[in-house]
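Visitor: Would you mind keeping the following structure in view while I ask a few things?
The values are calculated or read from the model by the stated rules, or taken from the named source; none is laboratory data. Keep in mind that this is a model prediction, so the values were computed, not measured. Reconstructed Cβ throughout: ideal geometry from the backbone, glycine too, with neighbour counts over all protein chains shown. Heavy atoms of the whole protein, side chains included, go into the accessibility calculation; ligands, DNA and RNA do not. Shrake-Rupley method; radii C 1.70, N 1.55, O 1.52, S 1.80 Å.
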Amino acid sequence: MQGTLPTPLLSRLSELVAARTGLYFPPDRWGDLIRGIAAAAPAFNFPDVESCAQWLLAAPLTRHMNEVLASHLSVGETYFFREKQSLEIFGEQILPQLLQSRRVERHLRIWSAGCSTGEEAYTIAILLDRLIPDFKAWNITILATDFNPEFLQKAVLGVYGEWSFRDAPGWLRERYFIKGKDGCFEILPRIKKMVAFSYLNFADDVYPSLLNNTGAMDIIFCRNVLMYFTSQRAKQVADNFHRALVDGGWLIVSPAEASNALFSPFTPVEFPGAVLYRKMAGAGSQPHHDWYPVLLPSETTEAAPPVMTAEPLSAILPVPSDAAAAVQAGLAQALQEDERGLPSRMARNCANQGRLGDALKWCEKAITADKMNPALHYLLATILQEQGRHDTAIQSLMRALYLDPDFVLAHFTLGNLHHSQGRYRQAQRHFENVLQLLRRHPPDETLTEADGLTSGRLVEIATALLESLPQPAKASA
């Protein structure tokens, strides 16, 4: 079944896979590529690897084709407490300082990027549970993303066999898992609720973004992921991670992936046995037009908007001609519109910096000035979501839908929130609403409030999330 493939065909296939999934198969890994395509061939109803490869190259990859490829080509090799050195640095040095600096706000945001079947994300949750004495007093977000729906489905279930514990401490299964009759172990529900699993493709999706909750992160774990990407894709992902972190935030990668060239926007920090990367305030930071502009604390005075005079323009400016009057009237209207839009822009800026309290205040000001604007209630919900106030975020999203029942992104975010809380039937309903509403939009249409995301791409993401829902939940919905 596996067979061999001509070199030109393998070269084209490698380029296709890299473009659509980000996964890189250079010549020395073409054997892995052939094995992956051979494993995927039956799912595509092909009897051999070459006919399957020819077909993949002949037609545009649909969402389903992309997900099937991802499930057979991506590496799911992971286990609990993998690479303990990085985890010890996180728990003994980074986390205590971070908790001390957040003793007033008490919020913490961590992203397990490329989470595979969930062992890393649950390891982080268990460490936080053990290391934070007043854990319940904190708003903690642990986001875990992957582009393989089969991996995500297993992660959401939280059930693992002996192989996932092969290098784990002895107390882990006893204290944090329930042993099933089949010999597998299910993670405790309270730990499972700490992690929000979501679909994200580094090759196609926009991040950081309020839409997928990938902004204002304190720590990003991305270990043993970038090594499988092309150098160009890995650099793009690293730059996006830099924008996704707050100033002072940390990127934790595998020792095999450490590279000052790859992570040039970061400041490398050496620890015994590992190098971690930190985003320093203003260091290497460049504007990113797909994400909200950063206003550093030292720049807030210079970047502040002009003070608006309380006097009308007619009392300040000389009586103009008709043409000049029209220009000045337009200017006055533009200034008023800019002043009305300032609170929402400031809310987005503050959210980008991780200043969630300030973001909330600005957003509430914007809503006070324009209560009937569903986009503002949606913005408020995304900020509340980043604060870990999921129930209140759901209320704001419901207000947005009351004002605009066809607000696609409100349905999508509600689906994600219900998904993260284990309410799979509600999540399914909202994801299905997304798909129904998007039938009215051309696939290449850029959706409002979506950070450049197109209708077609959101269809793919919502479909993948639907497929990642636990099968019993979908069957009973």
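Visitor: Might you report the magnitude of the Cβ-based charge dipole of the range 334-477 about its Cα centre, with Lys and Arg at +1 and Asp and Glu at -1, to the nearest 20 debye?
Guide: 460
Visitor: To test your reading of the geometry: what angle, between 0 and 90 degrees and rounded to tens, separates the Cα axis of helix 374-386 from the longest principal axis of the chain?
Guide: It is inclined by approximately 50 degrees.
Visitor: Moving to a separate point now. Taking the chain, how many lysine pairs are there with alpha carbons less than 27 Å apart, if each pair must be eight or more places apart or span two chains?
Guide: For the chain, qualifying lysine pairs total 28.
Visitor: Follow-up question, since we're still on this one. Can you say what percent of the DSSP beta bridges in the chain, counting only those with both residues inside, are antiparallel? Round to 5.
Guide: 40
Visitor: Per 0.36 nm of contour for each residue apart, how much would the distance between PHE271 and THR446 grow if the chain were fully extended, relative to their Cα-Cα spacing?
Guide: Working it through step by step, the gained length comes to 58.6 nm.
Visitor: Once Rh for the range 1-94 is found with the Kirkwood sum over Cα pairs, what is the Stokes-Einstein diffusion coefficient at 4 °C and 1.567 mPa s, in µm²/s?
Guide: 88
Visitor: Can you give the angle from 0 to 90° between the axis of helix 322-353 and the longest principal axis of the chain, with both taken from C-alpha atoms, to the nearest 10?
Guide: Rounded to the nearest ten degrees, it is 40.
Visitor: Where the only charges are on Cβ atoms (+1 Lys, Arg; -1 Asp, Glu), what is the dipole of the chain about its Cα centre, to the nearest 20 debye?
Guide: 1240
Visitor: Normalised by the number of residues in the range 2-136, what is the relative contact order in percent for Cα pairs under 8 Å and 6+ residues apart?
Guide: It rounds to 21 percent for the range 2-136.
Visitor: So for the range 156-211, Kirkwood radius off the Cα pairs, Stokes-Einstein at 25 °C and 0.890 mPa s: how many µm² s⁻¹?
Guide: 181
Visitor: With each label point set 7 Å from Cα along the Cα-Cβ vector, what nm distance links SER231 and ALA369?
Guide: The two pseudo-label positions are separated by 4.8 nm.
Visitor: Report the equivalent ellipsoid semi-axes for the range 83-145 in whole Å, largest first, defined as the square roots of five times the eigenvalues of the gyration tensor built from alpha carbon atoms.
Guide: 20, 14, 10
Visitor: Here is a follow-up. Per 20 Å bin from zero, what fraction in whole % of the C-alpha pairs of the chain is there, up to the bin with the longest pair?
Guide: The percentages, shortest bin first, are 22, 54, 21, 4, 0.
Visitor: Dipole of the range 28-187, Cα-centred, from +1 at each Lys and Arg C-beta and -1 at each Asp and Glu C-beta, to the nearest 20 debye?
Guide: Using only the charged Cβ atoms, the result is roughly 620 debye.
Visitor: Work out how much length GLN436 to ASP129 would gain on full extension: take 0.36 nm times their residue separation and subtract the Cα-Cα distance, in nm to one decimal.
Guide: 106.5 nm
Visitor: Right, something else. Can you classify the range 387-477 as rounded, prolate or oblate using the Cα gyration tensor, where a ≥ b ≥ c are the square roots of its eigenvalues, rounded means a/c under 1.5, and otherwise it's prolate if a/b beats b/c and oblate if not?
Guide: Because a/c hits 1.5 or more and a/b fails to exceed b/c, the range 387-477 counts as oblate.
Visitor: Oh, and also: To the nearest 10 degrees, how steep is helix 408-420 against the longest Cα principal axis of the chain, on a 0 to 90 scale?
Guide: Rounded to the nearest ten degrees, it is 50.
Visitor: Calculate the length of the line joining the C-alpha centroid of the range 101-146 to that of the range 349-421, in whole Å.
Guide: Value for the Cα centre distance between the two parts: 22 Å.
Visitor: Now for a separate question. For the chain, what is the mean residue ellipticity at 222 nm derived from helices alone (per DSSP H run of n ≥ 4: -39500 (n - 2.57); sum divided by total residues; nearest 500 deg cm²/dmol)?
Guide: Taking each H run of at least 4 residues, the total per residue is -15000 deg cm²/dmol.
Visitor: State in Å² the accessible area per residue of the range 352-407; use a 1.4 Å probe, count heavy atoms of protein chains only, and round to the nearest integer.
Guide: Roughly 45 Å² per residue, with all protein chains present.
Visitor: Another question about this same structure. Using a 1.4 Å probe on the protein heavy atoms only, what accessible surface does ILE89 show? Give it in Å² to the nearest 10.
Guide: The accessible area of ILE89 comes to roughly 10 Å².
Visitor: Taking 7 Å along the Cα-to-C-beta vector as the label spot, tell me the MET280-GLU174 distance in nanometres, rounded to one decimal.
Guide: 4.5
Visitor: Ok, one more. Of GLY114, LEU95, LEU379, which is farthest along the charge dipole of the chain in the positive direction, counting Lys and Arg as +1 and Asp and Glu as -1 at C-beta?
Guide: After comparing all options, I get LEU95.
Visitor: If you wrap a convex hull around the C-alpha atoms of the range 331-446 and split its volume per residue, what is the figure in Å³?
Guide: 126
Visitor: Separate question: Suppose all protein chains stay in the model; what accessible area per residue would a 1.4 Å probe give for the range 1-107, in Å²?
Guide: Value returned for the range 1-107: 48 Å² of accessible area per residue.
Visitor: A further question on this structure: In the chain, what percent of the accessible surface is made up of carbon and sulfur (1.4 Å probe, ligands and nucleic acids excluded)?
Guide: With neighbouring chains kept in place, the figure for the chain is 54 percent.
Visitor: Same structure again: Which one of LEU157, TRP55, TYR199 has its Cα pushed farthest toward the positive end of the charge dipole of the chain, where Lys and Arg give +1 and Asp and Glu give -1 at the Cβ?
Guide: Selected residue: LEU157.
Visitor: Here is a further query. Heavy atoms only, probe 1.4 angstrom, no DNA, RNA or ligands counted: give me SER101, SER231 ranked by accessible area, highest first.
Guide: SER231, SER101
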